[in-house]
Amino acid sequence: MQITRASDYAVRVMIHLAALPPSSTVRQAELSEATEVSGHFLSKVLQQLVRARLIRSQRGAGGGYSLATPATSVSLLDVVEAVEGPVRLNQCIEEGPSFDRKS
């Protein structure tokens, strides 16, 4: 399995934020530099992480991004699903006689 570039970037962001002191806020430009992700693409990833409530966004002077919950309560699966949607490990492509399990 190969994860998408967006998931890779989301993991980089979460690792960077987790390594900072609690309640630290980081501007997008600093995250872009630290994670080596272009600002435009990073913006989309950050929006997805905010929507998933893994990080929070603060506007204005002193604003930026920070973890919404303690890093110890966030799994790699949480981060990937925030970007990719639910992961299904056993998904049938076509229904038929060999497809006995529906869920």
Completion exercise
Quick count over the range 50-92, residues being closer than 19 Å to Pro21 by Cβ and not small (Gly, Ala, Ser), is 10
Exercise for the section: Can you confirm whether the range 37-45 contains a residue that is open to solvent by 90 Å² or more (accessible area, probe 1.4 Å) and within 13 Å of the chain's Cα centre (by Cα)? Expected result: yes
Exercise for the section: Would you be able to say whether some residue in the range 33-45 is on the phi > 0 side of the Ramachandran plot, modelled with pLDDT under 95 and out of contact with any Asp or Glu (no Cβ under 8 Å at 6 or more places or on another chain)? Expected result: yes
Exercise for the section: Could you please let me know if Leu54 is at pLDDT 95 or above and either under 14 Å from Ile15 (Cα atoms) or among the β-branched types (Val, Ile, Thr) (or both)? Expected result: yes
Handout entry: Residues of the range 1-36 that turn out to be among the acidic types (Asp, Glu) and either under 18 Å from Leu77 (Cα atoms) or open to solvent by less than 40 Å² (accessible area, probe 1.4 Å) (or both), as a count
Key = 1
Exercise for the section: Would you be able to say whether some residue in the range 60-75 is under 9 Å from the mean Cα position of the chain (by Cα) and touching a residue at least 40 places away in the same chain (Cβ under 8 Å)? Expected result: no
Fill in the blank from the handout: Among residues of the range 60-92 being exposed (fewer than 12 other Cβ atoms within 10 Å of the Cβ) and closer than 18 Å to Leu31 by Cβ, the residue modelled with the lowest pLDDT is Gly62
Handout entry: So Ser57, is it surrounded by 15 or more Cβ atoms within 10 Å (Cβ to Cβ) and over 21 Å from Ile3 (Cβ atoms)
Key = yes
Exercise for the section: Go through the range 36-48 and give me each residue that's over 19 Å from Ala68 (Cα atoms) and not aromatic (Phe, Trp, Tyr). Expected result: Glu36, Val37, Ser38, Gly39, His40
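Matching residues to (1) in a helix (DSSP H, G or I); (2) of a type in the set (Ser, Thr, Tyr):
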position: Ser7; (1), (2): yes, yes
position: Ala10; (1), (2): yes, no
position: Ala34; (1), (2): yes, no
position: Val37; (1), (2): no, no
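The values are calculated or read from the model by the stated rules, or taken from the named source; none is laboratory data. These figures come from a predicted structure and were not determined experimentally. Every residue, glycine as well, gets a Cβ built from its backbone with ideal geometry; the counts of neighbours run over all protein chains shown. We work out accessible area using only protein heavy atoms, side chains counted, and drop any ligands, DNA or RNA first. Shrake-Rupley method; radii C 1.70, N 1.55, O 1.52, S 1.80 Å.
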